[in-house]
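Have a look at the structure below before the remarks.
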Amino acid sequence: MHTKTSATDRAYRHTKDAILDRRYAGGDLISEGDIAAGVGVSRTPVREALLRLEAEGLVRLYPKRGALVVPVSQDEIDDVIETRRLVEGHTAQKAAAAEAGERGALAVRLNELLDRMRTEVDGDRQAFVLADRGFHREIVAAGGNAILVGLYDSLRDRQLRMMEEGVRTVARMCRNIDEHAAILAAVEAGDAPSAGRAVQVHLDGAAQLLGART
């Protein structure tokens, strides 16, 4: 049982990563056999992995043909941004309204991630993205709601395949740092309304980059 689960997880991760970084582009039809060969597993765990990806809305299964990578639609872009606004606006305000000790501990973690972002502006882009994502996730997780954390992770996964190469310029990265600093300052000060507004300003930039209508 453990081997089967491990094989399914490997097939799932391999296929999902390929979709998110656009090695499998929207509209591509991928076969169970190709995935099985790429991962080194049988078709059964691949089938199970594809069912999970279908449930996440990333593929559409066609029996005996394979899995169609669902193209990114304007509605999906709008939905991701709208949901991020709801989740992150709410959790930022909740974090800012927490007890001083909790806010202080969160601020330490956020400052570390912000320093990492500053270090990587002219360095490792992937490290910058991971620190950026980690910053937001720390705030969401501080709310103590595991369902919201899972939803946040899913939203950021979806957003990965919406980002065109070259859109994350140094200027945009520096702006991100300033916007993150504003969120951090509001949380640290215990100013819930300002924390919520700072998140919305930050997500205005994400909406513009992705071409969202919300």
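The values are calculated or read from the model by the stated rules, or taken from the named source; none is laboratory data. Computed from a prediction, not measured in an experiment: that's the story for all the values here. Please note: Cβ atoms are built from the backbone with ideal geometry, for glycine as well, and neighbour counts cover all protein chains shown. Accessible surface areas use protein heavy atoms only, side chains included; no ligands, DNA or RNA. Shrake-Rupley method; radii C 1.70, N 1.55, O 1.52, S 1.80 Å.
Placing unit charges on each Cβ (+1 for Lys and Arg, -1 for Asp and Glu) gives the stretch 96-214 a dipole about its Cα centre, and among Gln200, Ala185, Ala105 the Cα reaching farthest toward its positive end belongs to Gln200. What does the charge dipole of the stretch 71-169 about its Cα centre add up to, to the nearest 20 debye, if the Cβ of each Lys and Arg holds +1 and the Cβ of each Asp and Glu holds -1? Dipole about the Cα centre, nearest 20: 240 debye. Averaging the Cα positions of each part gives two centres, and for the stretch 58-125 and the stretch 6-27 these lie 19 Å apart. Surface exposure of the chain, expressed per residue as accessible area with a 1.4 Å probe, stands at 50 Å². Rg and Dmax of the stretch 155-197, based on Cα coordinates, read 13.5, 37 Å. The angle between the Cα long axis of helix 74-96 and the main principal axis of the chain comes to about 40°, on a 0 to 90 degree scale.
Dimensions of the stretch 10-110 based on its C-alpha atoms, expressed as ranges along the principal axes with the largest first, amount to 57, 31, 20 Å. Shown for the chain: the carbon plus sulfur share of the solvent-accessible area, taken with all protein chains present and a 1.4 angstrom probe, equals 53%. Along its principal axes, the chain has C-alpha extents of 57, 37, 32 angstrom, given from the largest down.
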